[in-house]
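Heads up, the thing below is written out as structure tokens.
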Amino acid sequence: MNQAATDTLQGRLEELEGIIAPRGSALVAFSGGVDSSLALAVAARALPKERVLAVTSNNETYLPSELDLARSFVESLGVEHLVVNTRELDNPDYASNPTNRCYFCKSTLYSDLAKLAKEKGYACVVDGANKDDEGDYRPGRKAAKELGVVSVLSEAGVTKAEVRELAKYLGLPTWDKPALACLSSRFPYGQEITPEKLSQVARAEEFLRGEGFRQVRLRHHGEIARLEVGPEELERAFAMREEISAELLDAGFLYVTLDLAGYRPGSLNAALKRPGKKKSLPLLSS
């Protein structure tokens, strides 16, 4: 890396630290993904470590293997880590899976974190939303703004590409981690989300990750499992079709399909863009 690039990254870090430092303390909503990892690392640099609390919500929508990784990362930063269960599925507005499902998820999460921050004396709640998230369909951003969450990366105009550059510059092990999303994003809008269905998705994705697949989404279409892997992994997935099918059939699916287009972020949002389809999808006011 040349000196000019280094100076640019250092300047961006100082900008981020300058947003958090004046607050004196922060509770960071930490999922373990690259975005929230960078937000947490910035908070740990900008504030006394004893004034930073990382909080991870561990529930049915979170891959079990991610919790150990999250714990290890927080330990490496030397800040306190608290694991909670915000129980989003208890809210029928969330479990019914409307198109603004994420609004109800984040409302529950950030409300709980705001209460926790107040109880423990932390000045603000910080999340890992970046600038690119502002241009995508993300109802959860509305909840974050309503509840005063500090989106430090977005506030500084840091894009997803910059997030990875900054994380790499800091030597964070998550810098090239594949994109993560809560397991509820695997269900078409309007299909009820249950612990049993989430367990099916988690089992399938943990199996595929264990087989070395890097980018994996198991889209749950009732009896049909639609597997998305990175385009460069399609050939290997097809070669392993018998093993993959056996595992997913054992998980309770009746049919197993491989999406030939490969992994696409937010692929289930395609239904929102089809002419004449949007009105048929459940959309709760918020």
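The values are calculated or read from the model by the stated rules, or taken from the named source; none is laboratory data. All of these numbers come straight from a predicted model, not from anything done at the bench. Glycine also receives a Cβ, built like all others from the backbone with ideal geometry; neighbour counts cover every protein chain displayed.
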Enumerate the pairs (first residue in the range 215-244 and farther than 24 Å from Thr61 by Cα; second residue anywhere and buried (at least 16 other Cβ atoms within 10 Å of the Cβ) and aromatic (Phe, Trp, Tyr)) with beta-carbon separation below 6 Å, excluding pairs fewer than 6 apart on the same chain, so at least 6 apart or on different chains. Glu233/Phe213
Residues that are farther than 28 Å from Gly210 by Cβ, part of a loop (DSSP other than H, G, I, E, B) and touching a residue at least 24 places away in the same chain (Cβ under 8 Å): does the range 21-41 have at least one? yes
Does at least one position in the range 29-41 carry a residue that is out of contact with any Cys (no Cβ under 9 Å at 6 or more places or on another chain), farther than 29 Å from Leu218 by Cα and modelled with pLDDT of 95 or more? yes
Could you figure out which of (1) part of a helix (DSSP H, G or I); (2) among the charged types (D, E, K, R); (3) more than 24 Å from Ala95 (Cβ to Cβ) isn't true of Glu205? (3)
Given Ser199, Ser154, which one is farther than 18 Å from Ser57 by Cβ and touching an Asp or Glu at 6+ places or on another chain (Cβ under 8 Å)? Ser154
Quick one: how many residues across the range 105-150 are small (Gly, Ala, Ser) and touching a Gly at 6+ places or on another chain (Cβ under 6 Å)? 1
Write out, first by first residue and then by second, each pair whose Cβ atoms fall under 7 Å of each other, whose residues are 6+ apart or on separate chains, and whose first residue, in the range 172-185, is part of a loop (DSSP other than H, G, I, E, B) while the second is basic (Lys, Arg). Trp175/Arg164; Trp175/Lys168; Asp176/Arg164; Pro178/Arg214
Quick one: is Val74 in the same structural domain as Glu162 (by TED's automatic domain parsing) and within 24 Å of Val158 (Cα to Cα)? yes
Might you let me know whether the range 99-118 holds any residue that is farther than 30 Å from Leu172 by Cβ and outside any loop (DSSP other than H, G, I, E, B)? yes
In the range 225-264, anything under 24 Å from the mean Cα position of the chain (by Cα) and assigned to a strand (DSSP E or B) is listed as Ala225, Arg226, Leu227, Glu228, Val229, Leu258
Might you let me know whether the range 78-85 holds any residue that is at pLDDT below 95, of a type outside the set (A, V, I, L, M, F, W, C) and surrounded by fewer than 17 Cβ atoms within 10 Å (Cβ to Cβ)? yes
For the range 3-10, check the following and say yes or no: at least one residue is surrounded by 14 or more Cβ atoms within 10 Å (Cβ to Cβ) and among the acidic types (Asp, Glu). no
